[in-house]
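These notes concern the structure reproduced below.
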Amino acid sequence: MSLQLQVDASLKSFNSFGVDVRASLLAEAHTDSDVREALQYSVDQQLPLLVIGGGSNLLLTSDVHALVLRMVSRGIRIVADNAQRVVVEAEAGEVWHAFVLWTLEQGLSGLENLSLIPGTVGAAPMQNIGAYGVEIKDVFEGLTALDRYTGKLREFSLTDCEFGYRDSVFKQQPGRWLILRVRFALSRVERLHLEYGPVRQRLSELGVERPTASDVSRAICSIRSEKLPDPAVLGNAGSFFKNPLVSAQQADELKSQYPGLIGYPQADGQVKLAAGWLIETAGWKGFREADAGVHRLQSLVLVNYGAATGLQLLALAQRIQADIQQRFAVQLEMEPNVYKVGNLAG
Ligand code: FAD
Ligand code: NAP
């Protein structure tokens, strides 16, 4: 066997919350054959398999009784180029932000608004990562995944992925699909998305009058570095809750009670409420109990001040959910993937 297995390994540095749990077995996948070998081993040993990238969208609430496979495969290539439209393929283990910078260096636009999102290319389709008005579905071309249950490769088109708001078929079928590589259709002609409030403002603060895609990337990196805690300094998994969708009638009723309510009407008539506003209005911003807390600047972000356990963070999230439900009759859904004993595919 070429796969290197580490027994009883710490996962503290492999999840951005910095939660101190252990994996029964830990291995790195550099190639497709490493992934196949890990899959075969988990089947032979009847051990669950947990595939991870950068661990930046994970909440681990216990030791992981599984083979944890870190995707570290590398490689970026142009697979089609018809002058304006260029299809780029990246291996699952590529670091997302480094990949975005590579595309910009090639003069390709499309991913600039997704700059500085932590994690890997292979995890990006899991929740159709999005920021500043762009989601990967907007530039998605296809991906290759291994089916855990049949061991066969499958190609996914845009429609196959069933992308939604922070959602996909991969998130709906946890553990089934091992994403090996992803393709994006990018453009040599820049069509910039600057409509998210702070982006234009930051560009003008930076003195940029006619922005390029690289300027937009720099502006977004600068906004994000100011607003978001760096997981290397303060453990977190980004936004802990999705922005809830409610009916226009419920949004109107809430607005009459809370004139400051922030909501964005959607094409289907629903209204997307800013979960951060609900949590802040309910008084949770800056809350801390032991080492689990709500960030003092970003109420959507739960943080680990050092020794919080996954269960403490989960309990805090559940208290916030119950409070928001009681005050506003709005159900908040957690965004990170929560692992509990027994919820991994065997
Ligand atoms: P992991 O956390 O390792 O895994 C996430 C899930 O994907 C797990 O269920 C895992 O089993 C599965 N998975 C991972 N790799 C694979 C694979 N190759 N095949 C199959 N399944 C796999 N998200 C946004 O959408 N927008 C943002 O703006 C954003 N900002 C963030 C800011 C901060 C500071 C942080 C900490 C997080 C942020 N996130 C954001 C969340 C996170 O960065 C993304 O969800 C990212 O795509 C997770 O990548 P990862 O490699 O760390 O995934
Ligand atoms: P923000 O700009 O303070 O806005 C608050 C919320 O309002 C955002 O969540 C965003 O929803 C929504 N919003 C803002 N302007 C909008 C517009 N013009 N149209 C529709 N919706 C709008 O948000 P922020 O917290 O600083 O984050 C900025 C961007 O980065 C957001 O897109 C956010 O999703 C993304 N982000 C995501 C994570 C994560 O872990 N998922 C972490 C940090 C930042 P949307 O979230 O639906 O875009």
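Could you check how many percent of all C-alpha pairs in region 104-237 are farther apart than 21 Å? It works out to 48 percent of all Cα pairs.
Based on Cβ point charges of +1 for Lys and Arg and -1 for Asp and Glu, what charge dipole magnitude is obtained for the chain about its Cα centre, in debye rounded to the nearest 20?
On the way: 33 positive and 38 negative charges, 59 e Å.
Using Cβ point charges on Lys, Arg, Asp and Glu, the chain gives about 280 debye.
With a cut-off of at most 14 other beta carbons within 10 Å, and DSSP calling the residue loop, which trypsin sites (Lys or Arg not before Pro) in region 292-329 qualify? Please list them. Walk me through the numbers on the way to the answer.
Details: sites: Arg296, Arg319, Arg327; in loops: Arg296.
When the trypsin sites (Lys or Arg not before Pro) of region 292-329 are filtered for loop state and at most 14 Cβ neighbours within 10 Å, Arg296 remain.
On a per residue basis, the convex hull of the C-alpha atoms belonging to region 64-148 measures out at 113 Å³. Please name whichever of Thr212, Ala123, Leu254 sits farthest to the positive end of the charge dipole of the chain, dipole taken about the Cα centre and charges placed at Cβ: Lys and Arg +1, Asp and Glu -1. Projecting each Cα onto the dipole axis, the largest value belongs to Leu254. When only the Cβ of Lys, Arg, Asp and Glu is charged (+1, +1, -1, -1), the dipole of region 54-188 relative to its Cα centre reaches about 260 debye.
So what's Rg/Rh here for region 28-69, counting alpha carbon atoms and using the Kirkwood radius for Rh? When Rh is taken as the Kirkwood radius, the ratio is 0.99. When the listed pairs Lys171/Lys242; Lys242/Lys285; Lys171/Lys255; Lys227/Lys272 are checked against a 25 Å cut-off, the alpha-carbon distance exceeds it for Lys171/Lys255. For the Cα trace of the chain, dividing Rg by the Kirkwood Rh returns an Rg/Rh value of 0.97.
Just for the chain, what percent of DSSP beta bridges are antiparallel, to the closest 5?
Details: 47 of 60 bridges.
Percentage antiparallel, nearest 5: 80.
Applying Stokes-Einstein at 10 °C and 1.306 mPa s to the Kirkwood radius of region 14-161, computed over alpha-carbon pairs, gives a translational diffusion coefficient of 96 µm² s⁻¹.
Region 256-341: Rg/Rh from Cα coordinates, Kirkwood Rh? All intermediate terms of the calculation are to be shown ahead of the outcome.
Values: Rg = 14.0 Å, Rh = 13.9 Å.
Result for region 256-341 is an Rg/Rh of 1.00.
What shape does region 154-299 have by the C-alpha gyration tensor, where a ≥ b ≥ c are the square roots of the eigenvalues, rounded means a/c under 1.5, and otherwise prolate means a/b greater than b/c and oblate the rest? Cα axes put region 154-299 in the rounded bin.
No value in this document is a laboratory result; all are computed from the given coordinates. Predicted model, so just to flag it, every value in this text is computed and none were measured. Backbone-built Cβ (ideal geometry, glycine too); neighbour counts: all protein chains shown.
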